[in-house]
Amino acid sequence: MALVLHSWKANKNAYKAFIAAEYNGVKIDLSPDFVMGVTNKSPVYLKMNPIGKVPVLETPDGAIFESNAIARYVARLKDSSLFGSSSIDYGHVEQWIDFSTMEIDAHISTILRPRFGYGVFHPAVEEAANAALKRSFAALNSYLASNTFLVGHSVTLADIILTCNLYLGFTYILTKSFTSEFPHVERYFWTLVNQPNFRKIIGEVKQTDAIPPVKTPEEAAAAAKPKPEPKKQEEKPKAAPAAEEEAPKPKAKNPLDLLPPSKMILDEWKRLYSNTKTNFREVAIKGFWDMYDPEGYSLWFCDYKYNDENTVSFVTLNKVSGFLQRMDLARKYAFGKMLVIGSEAPFKVKGLWLFRGQEIPQFVIDECYDMELYEWKKVDISDEAQKERVNQMIEDQEPFEGEALLDAKCFK
(Lines give C-alpha, C1' and ligand atoms only; values in the text may rest on other atoms or scores of the structure.)
Protein backbone atom coordinates (compact mmCIF):
# COMPACT_ATOMS: atom_id res chain seq x y z
CA MET A 1 0.00 0.00 0.00
CA ALA A 2 1.33 3.44 -0.96
CA LEU A 3 1.34 6.40 1.39
CA VAL A 4 -1.83 8.45 0.89
CA LEU A 5 -2.34 11.93 2.34
CA HIS A 6 -5.97 12.90 2.90
CA SER A 7 -6.25 16.65 2.40
CA TRP A 8 -7.09 19.35 -0.10
CA LYS A 9 -4.17 20.27 -2.32
CA ALA A 10 -3.39 23.87 -1.26
CA ASN A 11 -3.04 23.10 2.45
CA LYS A 12 0.13 24.42 4.09
CA ASN A 13 -0.05 21.56 6.62
CA ALA A 14 -0.04 19.08 3.75
CA TYR A 15 2.90 20.91 2.16
CA LYS A 16 5.05 19.92 5.16
CA ALA A 17 4.78 16.22 4.33
CA PHE A 18 5.10 16.64 0.56
CA ILE A 19 8.25 18.81 0.82
CA ALA A 20 9.83 16.40 3.33
CA ALA A 21 9.00 13.60 0.89
CA GLU A 22 10.79 15.45 -1.94
CA TYR A 23 13.94 15.81 0.16
CA ASN A 24 13.74 12.18 1.29
CA GLY A 25 12.86 10.54 -2.02
CA VAL A 26 9.53 9.24 -0.69
CA LYS A 27 6.37 8.98 -2.78
CA ILE A 28 3.09 10.24 -1.29
CA ASP A 29 -0.19 10.25 -3.17
CA LEU A 30 -2.83 12.91 -2.54
CA SER A 31 -6.25 11.39 -1.95
CA PRO A 32 -8.52 12.03 -4.94
CA ASP A 33 -11.84 13.86 -4.61
CA PHE A 34 -11.17 15.14 -1.08
CA VAL A 35 -13.84 17.67 -0.05
CA MET A 36 -13.30 19.61 3.17
CA GLY A 37 -16.34 19.38 5.43
CA VAL A 38 -17.56 16.24 3.69
CA THR A 39 -14.72 13.72 3.37
CA ASN A 40 -13.35 14.46 6.83
CA LYS A 41 -16.79 13.83 8.39
CA SER A 42 -17.25 10.42 6.82
CA PRO A 43 -17.11 7.27 9.00
CA VAL A 44 -14.04 6.03 7.13
CA TYR A 45 -12.13 9.26 7.83
CA LEU A 46 -13.27 9.51 11.46
CA LYS A 47 -11.91 6.03 12.00
CA MET A 48 -8.47 7.38 11.06
CA ASN A 49 -8.87 10.61 13.05
CA PRO A 50 -11.80 10.71 15.50
CA ILE A 51 -12.00 14.52 15.54
CA GLY A 52 -11.88 14.89 11.75
CA LYS A 53 -8.86 17.21 11.55
CA VAL A 54 -6.93 17.47 8.30
CA PRO A 55 -4.50 16.13 7.09
CA VAL A 56 -4.25 12.41 7.80
CA LEU A 57 -1.56 10.14 6.36
CA GLU A 58 -2.63 6.61 5.55
CA THR A 59 0.29 4.14 5.79
CA PRO A 60 0.59 0.35 5.49
CA ASP A 61 0.85 0.21 9.30
CA GLY A 62 -2.01 2.54 10.16
CA ALA A 63 -3.04 6.19 10.00
CA ILE A 64 -1.18 9.22 11.41
CA PHE A 65 -2.77 12.58 12.14
CA GLU A 66 -1.32 15.97 13.17
CA SER A 67 0.75 17.58 10.41
CA ASN A 68 4.04 17.81 12.35
CA ALA A 69 3.80 14.14 13.32
CA ILE A 70 3.15 13.23 9.68
CA ALA A 71 6.16 15.28 8.52
CA ARG A 72 8.37 13.64 11.18
CA TYR A 73 7.26 10.18 10.03
CA VAL A 74 8.09 11.00 6.40
CA ALA A 75 11.47 12.48 7.40
CA ARG A 76 12.41 9.32 9.30
CA LEU A 77 11.49 6.88 6.53
CA LYS A 78 15.00 7.19 5.14
CA ASP A 79 18.34 8.04 6.70
CA SER A 80 18.57 11.62 5.50
CA SER A 81 19.88 14.89 6.91
CA LEU A 82 16.43 16.28 7.73
CA PHE A 83 17.16 15.85 11.45
CA GLY A 84 20.76 17.07 11.23
CA SER A 85 23.88 15.01 11.78
CA SER A 86 24.14 14.72 15.58
CA SER A 87 22.09 14.44 18.75
CA ILE A 88 22.36 18.16 19.40
CA ASP A 89 21.21 18.86 15.84
CA TYR A 90 18.19 16.63 16.44
CA GLY A 91 17.39 18.56 19.62
CA HIS A 92 17.69 21.88 17.80
CA VAL A 93 15.44 20.68 14.96
CA GLU A 94 12.76 19.74 17.50
CA GLN A 95 13.29 23.05 19.31
CA TRP A 96 12.62 25.07 16.15
CA ILE A 97 9.62 22.93 15.21
CA ASP A 98 8.07 23.77 18.59
CA PHE A 99 8.98 27.45 18.16
CA SER A 100 7.42 27.48 14.70
CA THR A 101 4.22 25.93 16.00
CA MET A 102 3.76 27.85 19.26
CA GLU A 103 5.37 31.20 18.49
CA ILE A 104 4.59 31.66 14.78
CA ASP A 105 1.72 29.47 13.58
CA ALA A 106 -0.44 29.95 16.67
CA HIS A 107 -0.40 33.76 16.39
CA ILE A 108 -0.93 33.79 12.62
CA SER A 109 -3.90 31.46 13.07
CA THR A 110 -5.38 33.70 15.77
CA ILE A 111 -5.35 36.65 13.36
CA LEU A 112 -6.65 34.62 10.42
CA ARG A 113 -9.57 32.74 12.00
CA PRO A 114 -12.01 35.70 12.13
CA ARG A 115 -11.08 36.55 8.55
CA PHE A 116 -11.93 33.05 7.38
CA GLY A 117 -15.13 33.00 9.41
CA TYR A 118 -13.82 30.38 11.86
CA GLY A 119 -13.96 32.56 14.96
CA VAL A 120 -15.28 35.76 16.51
CA PHE A 121 -13.18 38.91 16.13
CA HIS A 122 -11.95 40.46 19.39
CA PRO A 123 -9.73 43.56 18.95
CA ALA A 124 -7.84 42.91 22.20
CA VAL A 125 -7.09 39.31 21.17
CA GLU A 126 -5.80 40.38 17.75
CA GLU A 127 -3.68 43.15 19.28
CA ALA A 128 -2.09 40.63 21.65
CA ALA A 129 -1.47 38.16 18.79
CA ASN A 130 0.15 40.89 16.67
CA ALA A 131 2.42 41.91 19.54
CA ALA A 132 3.40 38.29 20.21
CA LEU A 133 4.06 37.69 16.52
CA LYS A 134 6.35 40.74 16.33
CA ARG A 135 8.25 39.51 19.37
CA SER A 136 8.70 36.09 17.74
CA PHE A 137 9.78 37.64 14.43
CA ALA A 138 12.34 39.81 16.24
CA ALA A 139 13.86 36.75 17.94
CA LEU A 140 13.91 34.83 14.66
CA ASN A 141 15.39 37.82 12.80
CA SER A 142 18.21 38.09 15.32
CA TYR A 143 19.05 34.40 14.96
CA LEU A 144 18.95 34.46 11.16
CA ALA A 145 21.32 37.43 11.02
CA SER A 146 24.17 34.90 11.27
CA ASN A 147 22.45 31.71 10.08
CA THR A 148 21.17 30.74 6.65
CA PHE A 149 19.19 27.75 7.95
CA LEU A 150 17.77 26.98 11.38
CA VAL A 151 20.10 24.04 12.07
CA GLY A 152 23.47 23.45 10.42
CA HIS A 153 24.27 24.34 6.85
CA SER A 154 21.40 22.73 4.94
CA VAL A 155 17.61 22.36 4.97
CA THR A 156 16.17 20.33 7.87
CA LEU A 157 12.63 19.46 8.87
CA ALA A 158 12.62 22.56 11.07
CA ASP A 159 13.06 24.77 7.97
CA ILE A 160 10.29 22.92 6.15
CA ILE A 161 7.76 23.33 8.95
CA LEU A 162 8.67 26.95 9.73
CA THR A 163 8.53 27.96 6.05
CA CYS A 164 5.12 26.33 5.59
CA ASN A 165 3.81 28.19 8.62
CA LEU A 166 5.30 31.46 7.40
CA TYR A 167 3.76 30.80 3.97
CA LEU A 168 0.27 31.12 5.43
CA GLY A 169 1.21 34.46 6.96
CA PHE A 170 3.05 35.90 3.96
CA THR A 171 0.24 35.04 1.56
CA TYR A 172 -2.67 36.30 3.72
CA ILE A 173 -1.78 38.80 6.46
CA LEU A 174 1.94 39.66 6.59
CA THR A 175 2.22 42.63 4.25
CA LYS A 176 5.52 44.23 3.28
CA SER A 177 4.98 46.97 5.87
CA PHE A 178 5.09 44.27 8.57
CA THR A 179 7.89 42.05 7.26
CA SER A 180 10.25 44.86 6.20
CA GLU A 181 11.13 45.33 9.87
CA PHE A 182 12.64 41.82 9.79
CA PRO A 183 14.94 41.65 6.72
CA HIS A 184 16.64 38.40 7.75
CA VAL A 185 13.29 36.64 8.11
CA GLU A 186 12.34 37.96 4.66
CA ARG A 187 15.61 36.74 3.15
CA TYR A 188 15.18 33.35 4.83
CA PHE A 189 11.59 32.90 3.66
CA TRP A 190 12.23 33.85 0.03
CA THR A 191 15.39 31.74 -0.08
CA LEU A 192 13.48 28.66 1.17
CA VAL A 193 10.35 28.98 -0.97
CA ASN A 194 12.58 29.28 -4.03
CA GLN A 195 14.46 26.06 -3.32
CA PRO A 196 13.54 23.52 -6.04
CA ASN A 197 11.91 21.03 -3.64
CA PHE A 198 9.77 23.77 -2.07
CA ARG A 199 8.87 25.39 -5.37
CA LYS A 200 7.83 22.03 -6.87
CA ILE A 201 5.18 21.64 -4.14
CA ILE A 202 4.15 25.21 -3.31
CA GLY A 203 4.65 26.87 -6.68
CA GLU A 204 5.23 30.59 -7.07
CA VAL A 205 4.64 32.57 -3.89
CA LYS A 206 3.25 36.11 -3.86
CA GLN A 207 3.23 38.23 -0.72
CA THR A 208 -0.15 39.72 0.13
CA ASP A 209 -0.73 43.43 -0.47
CA ALA A 210 -3.56 43.78 2.06
CA ILE A 211 -5.02 42.06 5.10
CA PRO A 212 -8.44 40.54 4.34
CA PRO A 213 -11.42 42.03 6.23
CA VAL A 214 -13.02 40.30 9.18
CA LYS A 215 -16.15 38.34 8.29
CA THR A 216 -19.34 38.92 10.22
CA PRO A 217 -21.10 35.84 11.65
CA GLU A 218 -23.71 36.19 8.90
CA GLU A 219 -21.07 36.27 6.16
CA ALA A 220 -19.28 33.29 7.65
CA ALA A 221 -22.54 31.32 7.86
CA ALA A 222 -23.44 32.22 4.28
CA ALA A 223 -20.00 31.15 3.06
CA ALA A 224 -20.24 27.86 4.91
CA LYS A 225 -23.78 27.08 3.71
CA PRO A 226 -23.74 24.49 0.90
CA LYS A 227 -24.91 25.91 -2.41
CA PRO A 228 -27.69 24.06 -4.21
CA GLU A 229 -26.65 22.28 -7.35
CA PRO A 230 -27.83 24.08 -10.45
CA LYS A 231 -30.53 22.34 -12.45
CA LYS A 232 -29.30 20.69 -15.56
CA GLN A 233 -30.58 22.32 -18.71
CA GLU A 234 -30.81 20.86 -22.14
CA GLU A 235 -27.83 21.80 -24.20
CA LYS A 236 -28.66 24.24 -26.92
CA PRO A 237 -26.68 24.27 -30.12
CA LYS A 238 -23.98 26.91 -29.94
CA ALA A 239 -24.54 29.91 -32.14
CA ALA A 240 -21.84 30.85 -34.55
CA PRO A 241 -19.70 33.68 -33.16
CA ALA A 242 -20.78 37.12 -34.31
CA ALA A 243 -18.54 38.75 -36.84
CA GLU A 244 -17.98 41.71 -34.55
CA GLU A 245 -17.11 39.52 -31.53
CA GLU A 246 -13.97 40.87 -29.91
CA ALA A 247 -10.89 38.72 -30.44
CA PRO A 248 -8.99 37.56 -27.32
CA LYS A 249 -6.49 40.16 -26.23
CA PRO A 250 -2.84 39.18 -26.61
CA LYS A 251 -0.77 38.83 -23.46
CA ALA A 252 0.74 42.14 -22.40
CA LYS A 253 4.37 42.50 -23.41
CA ASN A 254 7.14 43.35 -21.03
CA PRO A 255 7.84 47.11 -21.47
CA LEU A 256 11.47 46.27 -22.18
CA ASP A 257 10.37 44.36 -25.30
CA LEU A 258 8.86 47.59 -26.63
CA LEU A 259 12.14 49.53 -26.51
CA PRO A 260 13.86 50.40 -29.81
CA PRO A 261 16.10 47.56 -31.08
CA SER A 262 19.62 47.56 -29.67
CA LYS A 263 22.82 46.75 -31.51
CA MET A 264 23.92 44.78 -28.41
CA ILE A 265 22.76 41.17 -28.45
CA LEU A 266 22.82 40.13 -24.80
CA ASP A 267 23.09 36.40 -25.50
CA GLU A 268 26.17 37.00 -27.65
CA TRP A 269 27.88 38.76 -24.74
CA LYS A 270 26.92 35.96 -22.36
CA ARG A 271 28.38 33.37 -24.73
CA LEU A 272 31.60 35.36 -25.10
CA TYR A 273 31.89 35.68 -21.32
CA SER A 274 31.28 31.96 -20.75
CA ASN A 275 33.59 30.73 -23.51
CA THR A 276 36.61 32.95 -22.87
CA LYS A 277 39.10 30.95 -20.80
CA THR A 278 42.38 32.79 -21.49
CA ASN A 279 43.43 36.38 -22.23
CA PHE A 280 40.17 37.47 -20.62
CA ARG A 281 40.84 41.21 -20.71
CA GLU A 282 42.02 41.17 -24.31
CA VAL A 283 39.14 39.01 -25.53
CA ALA A 284 36.08 39.26 -23.25
CA ILE A 285 36.53 42.75 -21.81
CA LYS A 286 37.42 44.23 -25.20
CA GLY A 287 34.49 42.34 -26.74
CA PHE A 288 32.13 43.71 -24.11
CA TRP A 289 32.95 47.34 -24.89
CA ASP A 290 32.79 46.65 -28.63
CA MET A 291 29.26 45.27 -28.15
CA TYR A 292 28.03 47.67 -25.47
CA ASP A 293 25.16 49.94 -26.50
CA PRO A 294 24.82 52.85 -24.04
CA GLU A 295 21.48 53.83 -25.57
CA GLY A 296 19.91 50.40 -25.25
CA TYR A 297 21.51 49.24 -21.99
CA SER A 298 22.78 50.70 -18.72
CA LEU A 299 25.38 49.58 -16.17
CA TRP A 300 24.85 49.74 -12.42
CA PHE A 301 27.06 49.26 -9.36
CA CYS A 302 25.40 47.89 -6.22
CA ASP A 303 26.72 47.83 -2.65
CA TYR A 304 25.08 45.88 0.15
CA LYS A 305 23.77 48.24 2.84
CA TYR A 306 24.33 45.95 5.82
CA ASN A 307 27.89 44.64 5.39
CA ASP A 308 28.49 44.84 9.14
CA GLU A 309 26.08 41.90 9.48
CA ASN A 310 28.15 39.71 7.13
CA THR A 311 30.12 38.02 9.90
CA VAL A 312 29.92 34.39 8.67
CA SER A 313 31.34 33.58 5.25
CA PHE A 314 28.97 30.77 4.21
CA VAL A 315 25.92 32.77 5.34
CA THR A 316 27.10 35.72 3.24
CA LEU A 317 27.67 33.47 0.21
CA ASN A 318 24.21 31.89 0.61
CA LYS A 319 22.69 35.36 0.85
CA VAL A 320 24.19 36.28 -2.52
CA SER A 321 23.15 32.95 -4.07
CA GLY A 322 19.57 33.54 -2.94
CA PHE A 323 19.59 37.01 -4.50
CA LEU A 324 20.78 35.63 -7.85
CA GLN A 325 18.17 32.89 -7.70
CA ARG A 326 15.40 35.42 -7.19
CA MET A 327 16.76 37.52 -10.08
CA ASP A 328 15.95 34.70 -12.49
CA LEU A 329 12.86 36.64 -13.63
CA ALA A 330 15.23 39.15 -15.31
CA ARG A 331 17.46 36.62 -17.11
CA LYS A 332 16.28 37.74 -20.56
CA TYR A 333 17.15 41.38 -19.83
CA ALA A 334 20.19 41.35 -17.52
CA PHE A 335 23.72 40.20 -16.79
CA GLY A 336 25.29 40.49 -13.35
CA LYS A 337 28.43 39.88 -11.30
CA MET A 338 28.35 39.69 -7.51
CA LEU A 339 31.57 39.76 -5.48
CA VAL A 340 32.10 38.82 -1.85
CA ILE A 341 35.21 40.62 -0.66
CA GLY A 342 37.46 40.24 2.37
CA SER A 343 39.75 37.70 4.01
CA GLU A 344 37.97 38.11 7.34
CA ALA A 345 34.64 39.35 8.67
CA PRO A 346 32.75 41.52 8.09
CA PHE A 347 32.63 40.63 4.41
CA LYS A 348 31.67 43.19 1.77
CA VAL A 349 29.16 42.40 -0.97
CA LYS A 350 29.35 44.39 -4.20
CA GLY A 351 27.90 43.90 -7.64
CA LEU A 352 27.82 45.06 -11.24
CA TRP A 353 24.65 44.73 -13.32
CA LEU A 354 23.84 45.28 -16.97
CA PHE A 355 20.15 46.02 -17.56
CA ARG A 356 18.15 46.56 -20.73
CA GLY A 357 17.03 50.18 -20.83
CA GLN A 358 18.24 53.29 -19.03
CA GLU A 359 16.84 52.46 -15.60
CA ILE A 360 16.62 49.40 -13.38
CA PRO A 361 13.50 47.60 -14.69
CA GLN A 362 10.49 48.36 -12.51
CA PHE A 363 9.29 44.75 -12.51
CA VAL A 364 12.63 43.71 -10.99
CA ILE A 365 12.29 46.30 -8.22
CA ASP A 366 8.71 45.17 -7.56
CA GLU A 367 9.32 41.41 -7.62
CA CYS A 368 12.80 40.98 -6.11
CA TYR A 369 12.82 42.27 -2.54
CA ASP A 370 16.64 42.04 -2.32
CA MET A 371 16.92 45.15 -4.50
CA GLU A 372 16.18 47.44 -1.58
CA LEU A 373 18.98 45.84 0.45
CA TYR A 374 21.53 47.45 -1.91
CA GLU A 375 22.61 50.98 -2.78
CA TRP A 376 22.44 51.37 -6.58
CA LYS A 377 24.56 53.78 -8.62
CA LYS A 378 24.43 54.15 -12.38
CA VAL A 379 27.83 53.82 -14.07
CA ASP A 380 29.16 56.86 -15.89
CA ILE A 381 31.17 55.26 -18.70
CA SER A 382 32.78 58.62 -19.54
CA ASP A 383 34.58 58.33 -16.19
CA GLU A 384 37.67 56.18 -16.81
CA ALA A 385 37.90 55.18 -13.12
CA GLN A 386 34.34 53.84 -13.16
CA LYS A 387 34.98 52.12 -16.48
CA GLU A 388 38.05 50.39 -15.05
CA ARG A 389 36.03 49.28 -12.03
CA VAL A 390 33.55 47.69 -14.46
CA ASN A 391 36.48 45.85 -16.09
CA GLN A 392 37.74 44.62 -12.71
CA MET A 393 34.33 43.34 -11.66
CA ILE A 394 33.72 41.49 -14.91
CA GLU A 395 37.21 40.00 -14.70
CA ASP A 396 37.06 39.05 -10.96
CA GLN A 397 40.41 40.78 -10.58
CA GLU A 398 42.13 40.00 -7.27
CA PRO A 399 42.91 41.78 -5.05
CA PHE A 400 39.79 43.90 -5.56
CA GLU A 401 40.07 47.47 -4.30
CA GLY A 402 43.03 46.36 -2.19
CA GLU A 403 41.19 43.45 -0.53
CA ALA A 404 41.15 39.72 -1.17
CA LEU A 405 38.27 38.36 -3.24
CA LEU A 406 36.47 35.63 -1.28
CA ASP A 407 34.11 34.58 -4.07
CA ALA A 408 32.52 35.78 -7.31
CA LYS A 409 29.14 34.71 -8.67
CA CYS A 410 27.78 35.40 -12.14
CA PHE A 411 24.21 35.86 -13.32
CA LYS A 412 23.91 35.12 -17.00
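The values are calculated or read from the model by the stated rules, or taken from the named source; none is laboratory data. Source: prediction; values computed, not measured. FYI the Cβ positions are ideal-geometry reconstructions off the backbone, even for glycines, and counts take in every protein chain you see. Accessible surface areas use protein heavy atoms only, side chains included; no ligands, DNA or RNA. Shrake-Rupley method; radii C 1.70, N 1.55, O 1.52, S 1.80 Å.
Dipole of the chain computed with +1 at Lys/Arg Cβ and -1 at Asp/Glu Cβ about the Cα centre; of H92, F411, Y45, farthest Cα towards the positive end is Y45. Counting pairs of Cα atoms in the chain, how many percent are more than 38 Å apart? Result for the distance tail: 38 percent.
Sites listed here are chymotrypsin sites (Phe, Trp or Tyr not before Pro) in segment 75-154 whose DSSP assignment is loop and whose Cβ has at most 12 other Cβ atoms within 10 Å: Y118. Summing Lys and Arg as +1 and Asp and Glu as -1 over all other residues whose Cβ lies under 13 Å from the Cβ of E126 gives a net charge of +2. Using the charge dipole of the chain (Lys, Arg: +1 at Cβ; Asp, Glu: -1 at Cβ; taken about the Cα centre), state which of S262, Q195, W8 has its Cα farthest towards the positive end. Toward the positive end, the furthest listed residue is W8.
Taking one quarter of the surface of the C-alpha convex hull of segment 261-411 gives a mean projected area of 8.7 nm². Each Cα pair under 8 Å and six or more residues apart adds its sequence gap; the mean of these over the residue count of the chain is a relative contact order of 13 percent. How much of the DSSP beta bridge set in the chain is antiparallel, as a percent to the nearest 5? In the chain, DSSP labels about 90 percent of beta bridges as antiparallel.
The calculated pair-distance distribution of segment 278-329 uses every alpha carbon pair, bins of 10 angstrom beginning at 0, and gives 18, 30, 33, 20, 0 percent. Taking the protein heavy atoms of segment 87-202 in the context of the full set of protein chains, the accessible area attributed to carbon and sulfur is 57 percent at 1.4 Å. Residues of segment 191-206 with an amide N closer than 18 Å to a point placed 7 Å from the Cα of Y143 along the Cα-to-Cβ direction: 191-193.
Computed from Cα atoms, the angle from the helix 12-24 axis to the main principal axis of the chain rounds to 60 degrees. Spin-label pair V44-Q95: with each label point 7 Å from Cα along the Cα-Cβ axis, the two points sit 4.4 nm from one another. Rolling a 1.4 angstrom probe over the protein heavy atoms with all chains in place gives the chain an accessible area of 54 Å² per residue.
Our coupling estimate for segment 378-386, obtained by passing each phi through the Karplus curve with A = 6.51, B = -1.76, C = 1.60 and θ = phi - 60°, is 6, 6, 9, 6, 7, 8, 4, 5, 5 Hz, Gly and Pro reported as x.
Here the chain is assigned +1 on the Cβ of each Lys and Arg and -1 on the Cβ of each Asp and Glu. Its dipole about the Cα centre then comes out at about 1300 debye.
Considering only I285, F34, S382, the residue lying farthest towards the positive end of the dipole of the chain is F34, judged by Cα position with unit charges set on Cβ. Between helix 87-99 and the chain there is an angle of about 70 degrees, using the helix long axis and the longest principal axis of the Cα atoms. Dimensions of segment 87-202 based on its C-alpha atoms, expressed as ranges along the principal axes with the largest first, amount to 42, 29, 25 Å. Counting every C-alpha pair in segment 4-77, the share spaced more than 17 angstrom apart comes to 35%. Distance between the pseudo-spin-label points of D396 and D303 (7 Å out from Cα toward the beta carbon): 2.4 nm.
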